[in-house]
Amino acid sequence: MFWLLKPRVLEDVSSRRRGRERINSFSRLPPRLNLSYEHQWRFPVRAFSKAAVIVVTLVTFVLTSAVAPTLSIYAANHTAREEERQELEVQLERLEAEINQYENQIKSYQKQGKSLKGEITKLNDKIAILNLRIKSINLTLSKLDKKISETQLEINTTESTIDRKKNALAELVRTMHQNEQAGMLEIFLKNPQISDFFSNLNNLALLQNNVRITISQITDLRNQLQDQRDQFALARADAATVKAYQLAQKTENDGLKEQKNTLLTVTKGQETKYQELLKKTKETAAQIRSRIFQLLGGGELTFEQAYKFAKLASQSTGVRPAFILAVLDRESALGQNVGRCTYEKAMNPKDHDVFLSLLKELSISPGSVTVSCPNADGAYGGAMGPAQFIPSTWRGYAPEVAKVTGHNPPSPWNNSDAFVAAALYLRDAGAAGNERQAAARYYCGSRWNRYVCTNVYGQKVIERAEQFQEDIETILKDG
């Protein structure tokens, strides 16, 4: 009876075209009905992934469009500030050139010998120098104020950018989390075509990559923000130091004017009376030799002892003794109170191991020595001995110091070792060509070109060196 099951009409089941539509024999069948009582919910992975990409694109567009005007305005303001800064630099260079001219004149007067006319002229030149320095300080304060304002604007911009990036990151993470709720198998089963499946996987990978990029950007911005805050703190510290220096220069200027008037009053313009006064006020070589020399690290020597150490250091480096003495003199360090802190409290933690290793080599107990305390120019102290070297820097110079002094290992708390180390550093800092710059490098390291380093600290060292040079020449004349 199986033949009764044959269909009455045979029809070709192969597909054929109806216009542009390809049909087959089953295309006329009505769609099947789902008679199940359960409600089936399908997660629109494909649509949602496309929507996620659109969201990411919109977020990027909004952020870009929001930042673009700010950046263009910032760029215009930055250009104007840069031009103004350059003009200030030109004015400062002119003032420095005038100051150098007066200083050269003063040196020539000193070579001519002491005379009333020469002394009055020298005082007038010093007064002129101080007036120029006060002008220079005013320009520098204006420059620092602009730097502070500009850095504050940069900080605000960076903080705002970080906030926007964090919001974008939160949106990306939220979108990625929602997409990842559907498992890999579920996504595969719910996508009718293989291309849709891989498209969704690519969208998820894109989201994950955007999250990584945004996290990296936030990290970089935080580092940038910390650098900007450090620059802001340095600029404010510089401004405070320069203001104090400005007051000191005005006081010194008033003192020179008074000194000039007193000199003219006492001598009444007569050379003989000036020579008599000079003889009474001039220190003898014996007085200079016995004068107490205060070291930067807090120690004390007679000037004669300090000069001997400076001569030893000078012979091996070529740096003049007067300059070495000026750098090591405590007064040349802006009155800084150093050498009173423990290493745990003051030193950068990354220097602890080197410091303790150095003490072990020298058989010194860590509790028996002190180091410099932190000051306004840095978060850490930790400098050691008369030359005020940090442990890592001392370690680098120790072999050469040992060759000169014969102390192996050399000690930063030994005077001869400290003097030689200071001279070696100054030599490498270019003391032969520019002593003021070398002094600035000694005090401020890589940030030596700050005004407080070159024009405040450096200038004080040079002035102190000239005083020591006169003392040394007095000793040499006495034999």
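Between residues in segment 234-255 that are over 16 Å from R450 (Cα atoms) and residues that are modelled with pLDDT under 80 and not hydroxyl-bearing (S, T, Y), which pairs lie under 9 Å by C-beta distance while being six or more apart or on different chains?
Short answer, once both residue conditions are applied: none.
Of all helices (runs of 4 or more DSSP H) completely enclosed by segment 275-356, which ones contain at least 1 residues that are of a type outside the set (K, R) and surrounded by fewer than 20 Cβ atoms within 10 Å (Cβ to Cβ)?
Because the criterion is at least 1 residues that are of a type outside the set (K, R) and surrounded by fewer than 20 Cβ atoms within 10 Å (Cβ to Cβ), the helices (runs of 4 or more DSSP H) in segment 275-356 that meet it are 285-290, 303-317, 343-346.
Yes or no: segment 104-120 includes at least one residue that is crowded, with 18+ Cβ neighbours inside 10 Å, modelled with pLDDT under 85, in a helix (DSSP H, G or I) and within 29 Å of the chain's Cα centre (by Cα).
no
Suppose the filter is modelled with pLDDT of 95 or more, surrounded by 18 or more Cβ atoms within 10 Å (Cβ to Cβ), within 30 Å of N138 (Cα to Cα) and assigned by TED's automatic domain parsing to the domain that holds R320; does A438 pass it?
On the way: modelled with pLDDT of 95 or more: yes; surrounded by 18 or more Cβ atoms within 10 Å (Cβ to Cβ): yes; within 30 Å of N138 (Cα to Cα): yes; assigned by TED's automatic domain parsing to the domain that holds R320: yes.
Here the answer is yes, as A438 does meet what is asked.
What are the residues in segment 387-401 that are in contact (Cβ under 8 Å) with a residue 12 or more places away in the chain and part of a helix (DSSP H, G or I), if any? Walk me through how you get there before you give the answer.
From segment 387-401, those in contact (Cβ under 8 Å) with a residue 12 or more places away in the chain are 387-395, 397-398, 400-401; that's our starting set.
Correct list: P391, S392, T393, W394, R395, Y397, A398, E400, V401.
Scanning for something polar (S, T, N, Q), assigned by TED's automatic domain parsing to the domain that holds Q287 and modelled with pLDDT of 90 or more, does segment 451-463 turn up at least one residue?
Taking every residue of segment 451-463 in turn, none turns out to be polar (S, T, N, Q), assigned by TED's automatic domain parsing to the domain that holds Q287 and modelled with pLDDT of 90 or more.
Please find, among E84, E119, the residue that is acidic (D, E), farther than 23 Å from V452 by Cα and in contact (Cβ under 8 Å) with a residue 60 or more places away in the chain.
Only one candidate qualifies: E119.
I need the full set of residues from segment 365-386 which are touching a strand residue (DSSP E or B) at 6+ places or on another chain (Cβ under 9 Å) and at negative phi, in order please.
Hits for segment 365-386 are V369, T370, V371, S372, C373, P374, G381, A383, M384, P386.
Is it the case that segment 215-223 has a residue that's surrounded by 13 or more Cβ atoms within 10 Å (Cβ to Cβ), part of a helix (DSSP H, G or I) and acidic (D, E)?
For segment 215-223, residues surrounded by 13 or more Cβ atoms within 10 Å (Cβ to Cβ), part of a helix (DSSP H, G or I) and acidic (D, E): absent.
Identify, from the list L123, L130, L141, the residue that is assigned to a helix (DSSP H, G or I), over 18 Å from the mean Cα position of the chain (by Cα) and under 17 Å from A240 (Cβ atoms).
After applying the criteria, what remains is L141.
Only one of G445, G458, G433 is within 30 Å of L234 (Cα to Cα), without any contact (Cβ under 8 Å) to a residue 24 or more places away in the chain, surrounded by fewer than 20 Cβ atoms within 10 Å (Cβ to Cβ) and under 23 Å from the mean Cα position of the chain (by Cα); which?
The unique qualifying residue is G445.
Just one of I288, I292, I324 is without any contact (Cβ under 8 Å) to a residue 40 or more places away in the chain and within 43 Å of the chain's Cα centre (by Cα); which is it?
Result: I292 is the single residue among I288, I292, I324 that is without any contact (Cβ under 8 Å) to a residue 40 or more places away in the chain and within 43 Å of the chain's Cα centre (by Cα).
The values are calculated or read from the model by the stated rules, or taken from the named source; none is laboratory data. All figures in this text were calculated on a predicted structure; none of them were measured in a lab. Because the Cβ atoms are built from the backbone with ideal geometry, glycine has one as well, and the counts that use them run over all protein chains shown.
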